[in-house]
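First up is the structure itself, then whatever we jot down about it.
Please treat every number below as a calculation from the coordinates, not as lab data. Everything numeric here is computed off the predicted structure, so don't read it as measured data. Every residue, glycine as well, gets a Cβ built from its backbone with ideal geometry; the counts of neighbours run over all protein chains shown.
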């Protein structure tokens, strides 16, 4: 399968790392990016072909992956339009709705919108995906295989759900990092060193996440098992409940979803 990437940034690099020599030959992966240094690095690291602008190799691809910033998408689509025919187009740009991209590409119907997250950089990502009706079963399978190169996938029936995915998993790593920062700060204020606080916090989050992932029980049950009434965990959770931490987290995630919808509307305007 011949795959062209428009954009050679971090997410594209992560995908190429998972695909080259595994899903398809490195020589069948083509990358377009205006940054010569980025292209040279990709050539040396993976053996892909490259170009500084959209060229004929893109036209002969089976799949085109749009890995550019949302603000660049409309201009990229304008340059891509002459090269698009029957290819599957994957877009991983946040906020760009598939029908808008289809319109910019002259009504191109074979589009899958993807919302990955940054753990994809280490092969531990999760991607929400939704396909326009014009995507064939074979193209859907190809899209799934490509995104599974960097983690797991979740398919959606309604593109409106992408805003929820963006809020939960797309932005989600930042919430986790924020909580880790807070725990590290508390560790230092309690007398531990910065190194000790980081080690304890990271190991705790990693271990707890793996325990939740491998358990067949709800996370609420796992939480209750750690919480003895009157104990230390109980004191911490009681303090959080009194401060409305859970409600504020839920509200924050909903705010992210609202902003996702707003961005889609703003960027899709003609």
Exercise. Between the helical axis of 172-189 and the dominant principal axis of the chain, each derived from Cα atoms, what acute angle in degrees is found, rounded to the nearest 10?
Worked result: 30
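Output the peptides 77-90, 151-164 sorted from most to least packed, where packing is the average of other Cβ atoms within 10 Å over each peptide's residues.
Order by mean packing, descending: 77-90, 151-164.
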Seminar exercise, completed: Given 205-215, 12-22, the highest-first ranking by average Cβ count within 10 Å works out to 12-22, 205-215
Exercise. What shape does the chain take by its C-alpha gyration tensor, where a ≥ b ≥ c are the square roots of the eigenvalues and a/c under 1.5 counts as rounded, a/b above b/c as prolate, and the rest as oblate?
Worked result: prolate
Problem set entry | Convex hull volume per residue for the range 3-157, taking Cα atoms only, in Å³ | 97
For this session: Give the peptides 26-35, 45-54, 185-194 in descending order of average Cβ contacts within 10 Å, highest first.
Result: 26-35, 45-54, 185-194
Exercise. Mean separation of Cα pairs under 8 Å and 6+ residues apart, divided by the residue count of the range 172-263: what relative contact order is that in percent?
Worked result: 12
Problem set entry | Nearest-ten-degree value, helix 245-267 long axis tilted from longest Cα axis of the chain | 20
For this session: Specify the angular offset, from 0 to 90 degrees and rounded to the nearest 10, of the alpha carbon long axis of helix 36-46 from the longest principal axis of the alpha carbons in the chain.
Result: 80
Exercise. How far is the Cα center of the range 57-110 from the Cα center of the range 129-150, in Å?
Worked result: 15
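What fraction of the DSSP beta bridges in the chain is antiparallel, stated in percent and rounded to the nearest 5?
Numbers: 4 of 28 bridges.
Rounded to the nearest five, the antiparallel share is 15 percent.
What number, in nm² with one decimal, is the all-direction average of the projected area of the convex hull of the alpha-carbon atoms of the range 172-263?
Values: hull surface 30.3 nm².
With the hull built on Cα positions only, its mean projection is 7.6 nm².
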